[in-house]
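Notes to accompany the following structure.
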Amino acid sequence: MATLARLQARSSTVGNQYYFRNSVVDPFRKKENDAAVKIQSWFRGCQVRAYIRHLNRIVTIIQKWWRSFLGRKQYQLTVQVAYYTMMMNLYNAMAVRIQRRWRGYRVRKYLFNYYYLKEYLKVVSETNDAIRKALEEFAEMKEREEKKANLEREEKKRDYQARKMHYLLSTKQIPGIYNSPFRKEPDPWELQLQKAKPLTHRRPKVKQKDSTSLTDWLACTSTRSFPRSEILPPINRKQCQGPFRDITEVLEQRYRPLEPTLRVAEPIDELKLAREELRREEWLQNVNDNMFLPFSSYHKNEKYIPSMHLSSKYGPVSYKEQFRSENPKKWICNKDFQTVLPSFELFSKYGKLYSKAGQIV
Amino acid sequence: MSQRQVLQVFEQYQKARTQFVQMVAELATRPQNIETLQNAGVMSLLRTLLLDVVPTIQQTAALALGRLANYNDDLAEAVVKCDILPQLVYSLAEQNRFYKKAAAFVLRAVGKHSPQLAQAIVDCGALDTLVICLEDFDPGVKEAAAWALRYIARHNAELSQAVVDAGAVPLLVLCIQEPEIALKRIAASALSDIAKHSPELAQTVVDAGAVAHLAQMILNPDAKLKHQILSALSQVSKHSVDLAEMVVEAEIFPVVLTCLKDKDEYVKKNASTLIREIAKHTPELSQLVVNAGGVAAVIDCIGSCKGNTRLPGIMMLGYVAAHSENLAMAVIISKGVPQLSVCLSEEPEDHIKAAAAWALGQIGRHTPEHARAVAVTNTLPVLLSLYMSTESSEDLQVKVLFPWIFRYTSAEGGQLSTT
């Protein structure tokens with residue numbers, strides 16, 4: 001009981017004391033917290049620094065090895081280049097040595113060698129003489145050829161003259177102008193005339209027709225070609241001797257143009273084309289393309305009464321489908337058969353036979 | 001009936017056009033008519049007729065235009081200004097061979113006068129069509145196209161480059177191999193005019209394999225063809241040592257020496273030009289020429305010619321002698337010096353005298369032996385008189401003065417001081 005009373009007497013101050021005791025510690029708490037934080041941060045810093053130091057050391061080792069590797073590679077290249085240069089210098093030096101010796105030898109033997117020079121000049125002069133002679137011969141040969149050509153030309157001209165003047169030849173009765181009776185010998189022209197063969201008259205050349213007719217104007221407006229005759233003219237050649245047929249006939253026969261038969265000349269689906277033609281002509285006469293419809297208002301009020309056939313359930317059998325021309329399913333390939341009527345040969349040879357039987361005189 | 005009358009009208013018009021264009025083409029052949037024709041405004045009329053429906057009229061109109069443009073460069077400029085060229089080029093591709101010939105003739109006539117006109121032709125795209133014409137079957141068309149290309153390429157290096165870029169060179173080399181002489185001539189002259197401007201163009205010509213064919217055709221008897229071939233080879237070889245070596249490898253020696261004996265003056269001149277261009281590059285090439293006996297042939301050729309045809313031969317001797325003293329000695333023993341002194345004294349022209357004096361100087365300058373060989377022929381008085389005379393040109397005096405007086409009036413050559 002006494003403790004209770006004591007406690008109760010003290011109860012009012014307990015709260016204060018509790019509060020007071022707790023609050024005294026507070027600044028120390030903060031101080032201690034700060035101290036702890038400081039210690040921790042310092043320690044962590046040391047830890048991290050140690051770690052970084054460790055990493056640096058390792059990285060240094062790696063870099064060291066890598067750089068040494070690169071350096072060794074570079075060194076190999078440098079060594080190769082240096083070796084190469086050294087060898088090339090050696091070769092060049094050797095080549096220079098060889099060239100030096102050779103040039104010295106050459107100059108001493110050929111260029112500064114007086115006797116060799118004399119030899120050379122002698123050879124040169126001999127070559128010169130040979131060339132001069134050869135060229136002289138060449139020029140002479142050319143001269144001769146030219147003279148010969150001139151002579152031949154003269155000869156030909158004289159021959160031609162003689163042939164033209166052959167009628168001046170002397171006969172037995174009448175001496176010609178070159179064979180005067182007062183001369184001891186006949187003139188050389190006389191002999192020439194005797195040897196010459198008379199010229200023949202020139203056959204008149206086949207003249208090309210002057211094409212100035214109207215159809216030719218129409219023909220030449222095309223940019224393809226000049227106006228030309230239908231028959232190709234032959235290349236000019238010598239007239240053959242002998243009784244030959246007239247050349248124009250022969251050419252007409254030889255270059256006769258193609259005359260196809262009726263069967264070839266007409267197209268194969270002529271019937272269809274003719275039908276199309278007819279349809280087109282009829283279409284020309286149409287006033288309007290639409291189907292002509294009846295007037296709609298005329299039977300508006302009337303009701304349509306269908307027939308018995310139409311009002312039944314059963315429709316008629318569509319017999320259109322039996323026919324191949326109306327039913328595409330019956331076609332063998334994707335097109336219908338064509339109606340082809342070939343023309344017949346009855347009149348194809350009309351007027352082209354040799355016989356004149358039946359012609360009206 | 002009325003159709004016939006209508007067609008009659010058209011026919012009359014066509015006849016009138018044909019007659020007009022034929023008369024104009026005929027009148028254009030005579031120079032005195034051309035002024036009158038130009039004043040009458042024939043250019044615009046021919047231009048419309050060029051677009052005519054009838055092919056004969058087109059061709060005759062093109063022919064008349066070509067003759068007019070051929071006459072002088074004002075008319076050629078008028079042709080260019082009237083926009084006739086694009087029409088020509090366009091229809092060149094599709095028409096027949098007579099039209100192609102006439103149109104190529106017009107292009108040639110326009111292109112030959114000046115570089116600007118040739119540039120105008122290139123600008124309207126004519127080169128491609130001309131190259132297509134070079135592939136045609138008819139040799140007349142090929143000849144006309146090659147001639148037009150030649151006149152275009154003649155003026156300067158850019159135009160030649162344009163012709164080469166259009167792919168003309170291989171076709172020209174094919175044209176050279178054709179049997180017709182006229183075509184060969186024109187193709188050779190076209191290649192010569194292309195190659196003359198620069199080393200690259202000459203290299204292009206050589207790359208197309210032209211040198212072998214040209215070298216084969218030296219033996220052809222036709223004089224004009226030889227003239228063009230030799231000109232082409234000399235234009236190729238003049239640019240560099242490699243090109244000259246390539247020409248020599250085609251085995252032109254000693255065939256070229258026969259051309260020095262030809263009757264035609266131009267063939268001789270071009271042959272000596274070719275040898276000069278080969279010999280001038282290096283001592284080895286000159287040695288080759290001397291070994292083949294070229295010096296003797298050239299000296300004979302100089303002896304048989306007169307005037308300007310001698311000039312390349314004289315220069316060739318100078319070049320050969322200039323390379324080394326052995327070659328100069330070779331020239332001396334081939335009896336070159338008397339010939340040169342004869343040229344010096346008897347030629348009236350100054351530049352030939354100057355060249356002869358220079359050649360003698362090159363021969364004589366190496367050693368006293370050479371100088372003595374020259375002095376023996378009594379050329380020195382002639383040289384001195386030329387130097388002293390008032391009417392000789394500066395060039396001549398310089399060439400005479402330099403090798404002699406500054407070199408050999410000193411110690412050596414007692415013979416020299418006595419003369």
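In table form, for the structure just shown:
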quantity	calculated
Enumerated helices (runs of 4 or more DSSP H) restricted to the range B:276-366, each holding at least 3 residues that are more than 30 Å from B:Asp242 (Cβ to Cβ) and over 23 Å from the mean Cα position of the chain (by Cα)	B:336-346, B:350-364
Test: A:Ala162 is without any contact (Cβ under 8 Å) to a residue 24 or more places away in the chain and either touching a Leu at 6+ places or on another chain (Cβ under 7 Å) or not charged (D, E, K, R) (or both)	no
Selected residue (criterion: nearest to the other protein chains (Cβ to nearest Cβ)) from residues of the range B:54-74 that are among the polar types (S, T, N, Q) and part of a helix (DSSP H, G or I)	B:Thr56
Residue check, A:Val107 aliphatic (A, V, I, L, M) and either facing chain B (nearest Cβ under 9 Å) or touching a residue at least 40 places away in the same chain (Cβ under 8 Å) (or both)	no
Any hit, the range A:130-142, residues being modelled with pLDDT of 90 or more and more than 56 Å from the chain's Cα centre (by Cα)	yes
Residues satisfying the stated conditions in the range B:1-53, i.e. within 11 Å of chain A (Cβ to nearest Cβ) and among the acidic types (Asp, Glu)	B:Glu11, B:Asp52
Odd one out for A:Glu119 among (1) within 10 Å of another protein chain (Cβ to nearest Cβ); (2) closer than 30 Å to B:Lys261 by Cα	(1)
Given (1) over 24 Å from B:Ile132 (Cβ atoms); (2) surrounded by fewer than 16 Cβ atoms within 10 Å (Cβ to Cβ); (3) in contact with a Cys (Cβ under 8 Å, 6 or more places away or on another chain), index of the condition B:Pro86 fails	(1)
Sole exception among (1) in a helix (DSSP H, G or I); (2) over 30 Å from B:Pro254 (Cα atoms) for A:Ser180, by number	(1)
The range A:310-340, subset surrounded by 10 or more Cβ atoms within 10 Å (Cβ to Cβ) and among the hydrophobic types (A, V, I, L, M, F, W, C), residue farthest from A:Pro267 (Cα to Cα)	A:Leu310
Residue within the range B:67-82 that is without any contact (Cβ under 8 Å) to a residue 40 or more places away in the chain, of a type in the set (Val, Ile, Thr) and closer than 25 Å to B:Tyr13 by Cβ present	no
Some residue of the range B:261-271 being under 20 Å from B:Leu360 (Cβ atoms) and in contact with a helix residue (DSSP H, G or I) (Cβ under 8 Å, 6 or more places away or on another chain)	no
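The values are calculated or read from the model by the stated rules, or taken from the named source; none is laboratory data. All of these numbers come straight from a predicted model, not from anything done at the bench. When we count neighbours, we look across all protein chains shown, and the Cβ atoms used for this are built from the backbone with ideal geometry, even at glycine.
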